[in-house]
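Q: Following this message is one structure expressed as structure tokens.
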Amino acid sequence: MRLSYVSVSIPYRLIADNYLDFLPENILVNTTLTEVLDIGFNRLPSIPDGLFRNQTKLRALFMQRNQIRVITREMFKDLHSLEVLSVFGNPLIEIQAWLFFNTQLTNLYMFQNNFSSIGERPFATVNNTIKQVSLYGSHLTTISDVVWQDLGTNSYVAVDSTLQFAPVTCRTDLEIEQVGDGFALPVLVSKEMAKLFNKSGFSCSRPDFKVDSWRCKPCAQGHYGDAPSHACKACPAGGFYQIKTGQVADTSQPIKCQKCNNGTYVTPAAHPGISPADCTVCPTGTNKSLHAGFRACFCLDKYYRKDRFDECYPCPDEGLDCSEEYQHLLPGFWWTWEWGSNNDNYKAYQHFVVNIRSRSDSYNSSTHHFRGVVPKVHPCPRKESCLNEGDGINVTCEVGYEGWLCSECSVGYYAWFDRCNVCPKWWWFLLEVVLLLVVLAVVILVIAWDVRRNRRRGRSAVDVIFARGKILLGFYQVMGEIFSALDEIPWPNILNKFGSFLKLLEMNIVQLVISPRCYFPDFTYRIVYIEYLFGMSLIAFVMLVALCFYWVSKCYMYLAARKYTDEERIKVSSTTKQKCYLFVVMLLFVSYPGLSGVIFTLLPSGCDLFYLDENETYNSTRLRSDYFIDCQDEQHVHFNHAAEASLCYVVGFPSLLFVFLWRSNRQDKRKNSQEQPLVESSVNDPSYYSVNNPTMSTVNEDDSTLNQPHINLLNPQKQSQVDISWKSFLSGNYKAEFWYWEVVELSRKIIQTLFVLLYGPDDHFTMFATIAISVGFLLLHAYVRPMKDATDNRLQMCSLATIFLNLLAASLLLSRTGGNTGRTEVLAAILVLMNFSIIVFVIGSLSWMVMKSLWRSGCCGRMATCIAKACCWFCRHESPNREGRSRRLVMTSVGDHSLDVDEDYVERTYDDIISERCHVVE
């Protein structure tokens with residue numbers, strides 16, 4: 001069977017732009033092309049000689065934009081009707097003589113090749129038909145004069161201006177033009193071909209709608225053909241230019257532009273660059289050792305810019321990160337864009353950041369510069385709260401934090417230990433309140449029990465607790481205020497945690513209760529306002545309760561007049577009055593430092609001025625203790641006036657205590673002078689000896705009343721009738737001549753934190769004054785030693801010295817002179833140990849006091865007897881057959897003993913008790 005092949009005649013065959021790298025020689029067998037064959041825009045390295053065999057009717061052949069290096073006469077042997085040949089954009093190195101002789105060529109496009117030589121008669125055809133020849137872009141230096149003789153009548157030739165010698169010919173009808181790199185000769189093609197040319201470095205248009213041909217012009221200098229957009233695209237501003245025409249991008253080079261030298265760029269005004277002369281030196285602050293890219297060179301490290309094509313500026317020292325060439329926040333810092341008349345400033349910067357972060361030419365050219373102002377940067381009080389994730393132009397707070405400086409707790413969180421914690425369930429809040437009330441009730445009951453039972457010579461347990469508790473409370477009240485006011489200091493982590501613990505021991509009653517926002521989300525009243533209102537209300541409440549209790553007692557005595565004599569009524573009335581005084585003085589004494597601190601906080605000096613923009617045009621005044629509060633707000637102005645009026649309480653309370661103590665001391669002296677001679681009183685009472693009078697007898701202050709052997713804290717019998725009163729609470733632990741010293745201590749608590757609360761820690765004079773005051777009180781106390789008990793004096797000295805060292809460390813950290821981190825941590829550890837030593841000392845001394853009392857009361861003796869009895873029983877059963885001399889302990893019967901033993905029995909030594917209860921039998 002014989003196969004028959006049918007020849008097919010078609011006008012067009014378009015296989016361009018298919019990434020072809022090989023064509024078989026027989027691909028056109030049995031196919032007759034009558035118009036156009038387009039195999040351009042592929043990757044063909046060569047063309048088979050027999051590919052166009054028998055294609056005698058083909059009129060146009062397009063082979064541009066391939067990798068063809070050689071074309072031979074054999075290829076064109078059968079192309080008798082060929083009129084248009086396009087082989088531009090190939091690496092052709094030679095045009096052979098008589099190459100196109102068998103064709104009818106009229107237009108020959110061979111520009112942008114790599115010709116090194118041209119044969120003597122390359123343009124010869126049978127009838128001398130060639131009318132147009134494009135040879136530019138190949139940088140030929142020599143062309144033989146005989147090559148022009150075969151051109152048709154009135155032909156046009158475009159060659160490079162790089163020829164060493166101008167073309168010479170006797171023909172006057174020829175136009176031979178020497179052109180430069182910017183020359184672009186249009187090409188006439190069909191509509192179908194125009195679509196391909198648009199993707200291949202040409203810009204095509206239809207000059208006359210009556211003619212079915214398109215005029216395609218190579219992309220001009222400074223431009224390149226972009227296949228996706230089917231158009232010529234300008235070389236981007238930055239480090240790019242294009243000196244050639246008709247260039248087209250490909251996958252290996254998406255931007256078909258030449259690069260400027262390192263450290264130079266083309267400005268937006270000069271782009272698109274068409275020569276190296278358009279590349280200018282990059283501006284100040286840029287890295288000139290690298291290629292400019294799509295900007296005016298990259299900024300140096302720690303530099304930023306406000307214009308993609310302008311200079312770079314040094315990054316500010318604190319709070320800003322200038323990586324990626326724009327200012328954005330570091331973790332631990334805060335700014336706000338909410339200032340000015342509109343929000344256009346923020347939007348403009350946001351668009352600029354998107355622009356500057358782009359590393360390609362896809363940026364929006366209308367946003368390549370920022371003409372606005374960035375905000376002013378402020379450090380966050382708690383650096384961990386300001387995360388600043390993402391692009392860094394917006395503040396991002398840690399979960400649970402929000403608001404100004406990320407210092408406010410979000411809904412569902414409450415503030416505790418300077419942190420925002422998740423709100424507990426409602427029953428936990430109730431349990432907390434109940435426990436607080438139980439603790440207060442237990443303290444009151446213990447005090448009442450001790451006052452009632454321990455009426456004796458010397459000091460009761462409550463006396464000791466009051467004396468050392470006041471020292472402990474005063475220390476932690478001062479330190480708590482210092483750590484709270486100096487929260488902007490970069491304390492080491494361990495000291496920050498300790499400062500949070502001090503806030504608890506500061507006895508700020510309001511902060512002991514969970515924030516109401518946990519249970520009332522719409523509750524917006526600020527804590528500092530609640531503290532002020534609570535503190536002022538507490539004063540009124542305490543005085544009102546005391547007054548009501550006193551009058552109720554008087555009314556009861558009046559109604560029960562028959563049951564009491566006049567003397568008893570006077571005595572009960574006096575006792576009730578003293579209890580009321582004690583109740584008022586104790587509660588106001590404890591709450592006074594905290595309330596005074598709140599009052600100072602609400603004064604105008606408690607506000608900080610924050611500039612909102614880098615030019616310091618806009619500002620806001622915020623309360624230092626609660627940055628949510630605007631000091632210009634009407635509500636705060638009212639509280640400000642109330643705080644100014646409340647300064648009367650700050651000054652009046654210690655002044656009133658001084659007056660009361662002075663009158664009471666004067667009355668006691670008058671009374672003592674009437675009852676007994678002053679000389680006898682001075683001899684019998686060591687507290688009357690003055691430390692400033694060297695002529696008087698020396699008193700050993702180490703002989704504390706707690707160490708006197710005749711005192712039993714657990715046995716209330718045979719004691720004197722001395723009650724705890726408001727006066728003993730204030731001056732009972734001081735020597736007689738220093739009856740006023742508790743008022744001095746009360747003032748010290750306020751004065752030591754006064755400047756820090758009023759003016760903040762940033763002022764160096766504030767820290768100097770605070771340290772100077774601390775040193776002054778330390779020296780004063782060391783000189784006068786106002787306390788009766790030497791242990792109390794040492795404890796107070798230790799607390800004052802620790803306060804001074806903490807302030808000294810704060811001043812060193814504020815100086816920001818740097819230093820070894822390890823040494824800073826060691827310093828922090830030492831300070832923490834010293835701070836904790838105060839409470840450890842108090843607890844230890846009270847524990848030792850209780851143990852001694854238990855020992856002297858016989859409780860430890862009974863325990864020792866039981867242990868001895870057990871040992872005897874063990875020895876008797878362990879070695880009953882041991883030879884030699886042995887001793888046997890016979891224990892006497894031990895009866896039950898009451899805790900209430902007489903004083904003579906208590907003063908007996910442990911050896912006497914043991915010898916009485918056991919004897920040695922040989």
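Every number in this text was worked out from the coordinates using simple rules, so none of it is lab data. Given the structure is predicted, the values throughout are model-derived calculations rather than measurements. Ideal geometry is used to build each Cβ from the backbone, glycine not excepted, and the neighbour counts take in all protein chains shown.
Q: Across 5 Å bins from the origin, how do the percents of Cα pairs in region 1-185 run, short distances first?
A: For region 1-185, the pair-distance distribution reads 2, 8, 15, 21, 20, 14, 9, 5, 3, 1, 1, 0, 0, 0.
Q: Quick check for you: which residues of region 130-166 have the amide N under 19 Å from the point 7 Å beyond the Cα of residue 173 toward its beta carbon?
A: From region 130-166, the list is 130-134, 146-158.
Q: State the answer as a single residue: which of 164, 33, 18 lies farthest towards the positive end of the charge dipole of region 1-185, with beta carbon charges of +1 for Lys and Arg and -1 for Asp and Glu, about the Cα centre.
A: Farthest along the dipole direction, towards plus: 33.
Q: A follow-up question, please. Just want to confirm a number: the relative contact order over region 124-172, from Cα pairs under 8 angstrom separated by 6+ residues, in percent.
A: Computed value for region 124-172: 47 percent relative contact order.
Q: Further question: Give me the distance in nm between label points sitting 7 Å out from Cα along the Cα-to-Cβ direction at residue 261 and residue 438, one decimal.
A: Calculated label separation equals 8.6 nm.
Q: Please say if region 524-683 is rounded, prolate or oblate, where rounded means a/c under 1.5 for a ≥ b ≥ c the square roots of the C-alpha gyration tensor eigenvalues, and otherwise the choice is prolate for a/b larger than b/c and oblate otherwise?
A: Cα axes put region 524-683 in the oblate bin.
Q: Dipole of region 1-158, Cα-centred, from +1 at each Lys and Arg C-beta and -1 at each Asp and Glu C-beta, to the nearest 20 debye?
A: 280
Q: Quick check on my link table: of 571/788; 195/233; 425/749; 244/306, which ones sit more than 25 Å apart, alpha carbon to alpha carbon?
A: Among 571/788; 195/233; 425/749; 244/306, the Cα-Cα distance tops 25 Å for 571/788; 425/749; 244/306.
Q: So which GluC sites (Glu not before Pro) in region 77-147 end up in coil per DSSP with only 15 or fewer other C-beta atoms within 10 Å?
A: Hits after loop and neighbour filter: 120.
Q: I would also like to ask the following. Exactly which chymotrypsin sites (Phe, Trp or Tyr not before Pro) in region 572-649 are in a DSSP loop and have at most 12 other Cβ atoms within 10 Å?
A: Passing sites in region 572-649 do not exist.
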